Amino acid sequence: MKIGKYEIKIVLTGFFSLDGGAMFGIIPKPLWEKTNPADSSNRITLATRNLLLQSDSKNILIDTGMGNKWSEKEKTIYAVDENISLESALNEHNLRKEDITDVILTHLHFDHTGGSVEIENEKLIPAFPNAKYYVQKQNFEWAKNPSDRDKGSYIKQNFMPLFENGVLNLIDGESHFDDEIEFLIINGHTFGQQMIKISDSQNTLLYCADLLPFVSHIPLPYIMGYDLQPMITLEEKKKYLQKALDGNWKIFFEHDPETAMVTLKSTDKGIRVNERFDTI
């Protein structure tokens, strides 16, 4: 897919699993397991599907997946799939980590910024040595001092080395990165999460991060138990699903294990999927 000056490509960095009940909040299991079957531990599969935006002068990565700094115990808890890595996914596009110029982080949860930092000679260093990193200032401030409820999602070794090395750029509110890339702020899941809207005069792609982890989160009541402000999430879903429908935007899913992107349609049950795409 090409939008403006950017060629847009998928970077699939792996899979992991989380509790199905937590992923669907108040929705009963007999409903959510129709689309997201659980294993014997009630876990469901999530992808870490990131985006690469390439122009003549830039290689921009949106989010960095789980990374490889997990203990054996943590790998078991989250069923981390080690058959795919961020480095190998970039190699499929004939890129090395040194080729990445910018890393845009939707927020600092471990499954979105785990690959931003790596261990070299027992030191934590930025994984992309020539890149500038971008995140919302509000999310960074929250990540440094999260609540007891969500502190397990913010692992400081995944982002503090970026700040300490002077490569983390803090964005203050909604803004444009350039002519095609815009940051849209949402606060239901966590504070200061930014969705990435990529658009030109003909096409719009919305990287919706954790507003809609799966295609099955499109119905309005389907909201994660992880969300700090679920009623805010509900209003954000109403707002952006309607905008996407009205503008014929394509919705990109970071975590759906099968579907990468959809278009939407209006039905008597509300906004639903029109077309599904497993690639872009």
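The values are calculated or read from the model by the stated rules, or taken from the named source; none is laboratory data. Given the structure is predicted, the values throughout are model-derived calculations rather than measurements. So basically every Cβ, Gly included, is an ideal-geometry build from the backbone, and we count neighbours across all protein chains shown. Surface areas here come from the heavy atoms of the whole protein model, side chains and all, with no ligands, DNA or RNA. Shrake-Rupley method; radii C 1.70, N 1.55, O 1.52, S 1.80 Å.
Select from region 199-214 the residues that are farther than 17 Å from residue 49 by Cβ and either assigned to a loop (DSSP other than H, G, I, E, B) or open to solvent by less than 10 Å² (accessible area, probe 1.4 Å) (or both) and list them in ascending order. Across region 199-214, the qualifying residues are 200, 201, 202, 203. No other residue among 48, 35, 76 is under 23 Å from residue 151 (Cβ atoms), open to solvent by 40 Å² or more (accessible area, probe 1.4 Å) and among the hydroxyl-bearing types (Ser, Thr, Tyr) apart from 76. Can you tell which of 268, 210, 246, 178 is modelled with pLDDT of 95 or more and under 19 Å from residue 36 (Cα atoms)? Residue meeting the stated conditions: 210.
Taking first residues from region 114-136 that are free of Cβ contacts under 8 Å to residues at least 40 places away in the same chain and partners that are open to solvent by less than 40 Å² (accessible area, probe 1.4 Å) and among the small types (Gly, Ala, Ser), the Cβ contacts under 7 Å between residues at least 6 apart in sequence or on separate chains come to 133/116.
Looking across region 16-28 at every residue that is in a helix (DSSP H, G or I) and in contact (Cβ under 8 Å) with a residue 40 or more places away in the chain, the one that is surrounded by the fewest Cβ atoms within 10 Å (Cβ to Cβ) is identified as 22.
Look at region 260-274: where a residue is in a strand (DSSP E or B) and a partner is open to solvent by less than 30 Å² (accessible area, probe 1.4 Å) and small (Gly, Ala, Ser), sitting 6+ places away or on another chain with Cβ atoms under 6 Å, you get 264/244. Of the candidates 128, 140, 163, 159, the single residue that is hydrophobic (A, V, I, L, M, F, W, C) and open to solvent by 50 Å² or more (accessible area, probe 1.4 Å) is 163.
Out of everything in region 97-121 that is open to solvent by less than 10 Å² (accessible area, probe 1.4 Å) and of a type in the set (A, V, I, L, M, F, W, C), what residue ends up being farthest from residue 193 (Cα to Cα)? If we take residues in region 97-121 being open to solvent by less than 10 Å² (accessible area, probe 1.4 Å) and of a type in the set (A, V, I, L, M, F, W, C), then 100 is farthest from residue 193 (Cα to Cα). Within the set 174, 180, the sole residue that is under 23 Å from residue 235 (Cα atoms), surrounded by fewer than 23 Cβ atoms within 10 Å (Cβ to Cβ), in contact with a Phe, Trp or Tyr (Cβ under 7 Å, 6 or more places away or on another chain) and of a type outside the set (Gly, Ala, Ser) turns out to be 174.
The set of residues in region 183-198 that are of a type in the set (Phe, Trp, Tyr) and either outside any strand (DSSP E or B) or open to solvent by 30 Å² or more (accessible area, probe 1.4 Å) (or both) contains only 191. The residues of region 107-121 that are assigned to a loop (DSSP other than H, G, I, E, B) and either over 22 Å from residue 190 (Cβ atoms) or not hydrophobic (A, V, I, L, M, F, W, C) (or both), listed by number, are 107, 109, 121. Considering only residues in region 225-249 that are part of a helix (DSSP H, G or I) and polar (S, T, N, Q), the one that is least open to solvent (accessible area, probe 1.4 Å) turns out to be 233.
Restricting 68, 42 to those that are of a type in the set (S, T, N, Q) and within 15 Å of residue 111 (Cα to Cα) reduces the list to 68.
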